[in-house]
Amino acid sequence: MSSGNAPRASTQRGGYNKPSSRASVTDLSPSQRLTSLLDGSPLKPIQRWLWVLSTGGTLLDGFVIFVLGVAMPLIIAEFRLTPDVVGLIGASLVFGAVFGAGFGGPMADRLGRKKLMVVDMIIIAAGAATSALANGFPMLFIGQLLVGVGVGIDFPASSSYVSEVLPKRSRARMMVATIACQSVGMLLAAVITLVLLKNVHSAQTWRLFLATESVIAVLFFLLRLSEPDSAHWLMTQGRCAQAAQAFIRIMPEQREAVLQITGNAGNGGSAISIRPPRQPGIGILFSRAYRARTVLVAVPWFLMDIATYGVGLFTPIILGAIDVSGKRGDVIARDFADAKGSAAIDLFLLLGFLVGIWAVPRFGRIRMQTLGFASMAFGMLLLMVAVHLSNSPAGSGHIAFVFAGFILFNLSMNAGPNSTTFTLAPILFPTELRATASGFAAGVAKIGATLGVFVLPILKGRFGVPAVLGMMAAVSLLGLAVTLIFGREDTEQL
């Protein structure tokens, strides 16, 4: 959909709006001409590899959520933590992401995508190692805070990078695939935690869970050292020679054209030369031109993350509270049973993302986001029915409602809002604002996640599981309303 108040195109830099089809090649800026070369090329193996490298943050995001959820019962048993402290540990992870995203977005626009994508993996590895060696609440809090900071930095840096190295025909699909790796991370964590729980019968197993996060982060750090920076970002900084080399690595067959375009730009020979821009600052997101878009990219993500992190982090605990397995035993046996149930449910997170990869490019971001929020609310209502049945004398049928509710929630969340909210800011904002907008949206989202993981255990402890489920239904309906009101702002920026 187009918007009557969409921001006007920049006269000095490509990226604000798609140029008119009637414009001649000489009317285009060097950045727009390079974008045309990129968009006209097929998806190449090197672009697929760069996409793989960009998935580290989203993969680890899902991984750490699942791992902490499975580790929490063992941590609670070892350190005898109260519900308030449990909420603080979960909140530290996402509160760190608030700071990381808010800081990482502007820094990625200022320093470049690659630098931030390398540094964030070091931060995640350090935080995970600190958590694994924790001797109590303070070290756990600090370690998870650092992990959250690293994940938060990666979201705006990697989403901007992916949008800038892929051709237009593959961009929407591959960006949804990037956030889909969140569920891949959850399933990988499920496999690792189940193997460890089954073979290492120790109350200290949770330390191994957390240590695996560090290993994965170090691997991505080493692999990312060889990737080129975003050529689009380099062009906005006036670093034409480096931009040329980055483009040539992706499009070697266009070497002569790239060198001609960037050479003319660097020598001031093009009609519209490139000058390093003055950083506009985060305040521009609230200007008249961008205000409605900022609401669209930030508020639904905020509301979705309350549900995503809250339900995702506490799925094993919610399953235990509803007593799905019916098993009794020590804390490790119960944790193993709940982890298996959680892993089975989380398979539908991946299925939802696969649906999103197919559906979002075909039906549009706003339609899928609207449908997803509505279905999430209905899934929570099914879980409320399950809780009611489990407390009644004839409650044997509640298990079907439990799995139906969780499956519908996870499937529709990932086919809809979890696929679309991640992709909106990189699509709706130009290169020089892309990471700043993505970082702001992700930071606001992580505030919602912090609220969810801190409030939910307290809410559950004081009012029970139905209050948690009611809160999730309410935020889903609010997300639906905001999407319907501001969805007209969904117009692509190059």
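The values are calculated or read from the model by the stated rules, or taken from the named source; none is laboratory data. Source: prediction; values computed, not measured. Methodologically, a virtual Cβ is constructed for each residue, glycine included, from the backbone with ideal geometry; neighbour enumeration extends over all protein chains shown. Side chains included, ligands, DNA and RNA excluded: accessible areas come from the protein's heavy atoms. Shrake-Rupley method; radii C 1.70, N 1.55, O 1.52, S 1.80 Å.
A compact table of results
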{"item": "Estimated inter-spin distance, LYS168 and ALA404, nm [label 7 Å along Cα→Cβ]", "result": "4.5 nm"}
{"item": "Length gained when the stretch ALA241-ALA257 is fully extended (0.36 nm per residue, less Cα-Cα span)", "result": "4.4 nm"}
{"item": "Potential lengthening between ASN135 and VAL215 on full extension [0.36 nm per residue; Cα-Cα distance subtracted]", "result": "26.8 nm"}
{"item": "Rg and Dmax [Cα atoms of the range 83-202; Å; Rg one decimal, Dmax integer]", "result": "16.4, 50"}
{"item": "Heavy atoms of VAL85: accessible area, 1.4 Å probe, square angstrom to 10", "result": "40 Å²"}
{"item": "Viscosity 0.692 mPa s, temperature 37 °C, Stokes-Einstein D of the range 144-197 from Kirkwood C-alpha radius, µm²/s", "result": "254 µm²/s"}
{"item": "Convex hull per residue volume in Å³, alpha carbons only, for the range 195-257", "result": "116 Å³"}
{"item": "Added length on full extension, which subtracts the Cα-Cα distance from 0.36 nm per residue, ARG80 to PHE378", "result": "103.7 nm"}
{"item": "Computed Rg/Rh of the range 23-120, alpha carbon atoms with Kirkwood Rh", "result": "1.20"}
{"item": "Per-pair calculated FRET efficiency, R0 = 41 Å: LYS44 and GLN204 via Cβ, rounded to 0.05", "result": "0.35"}
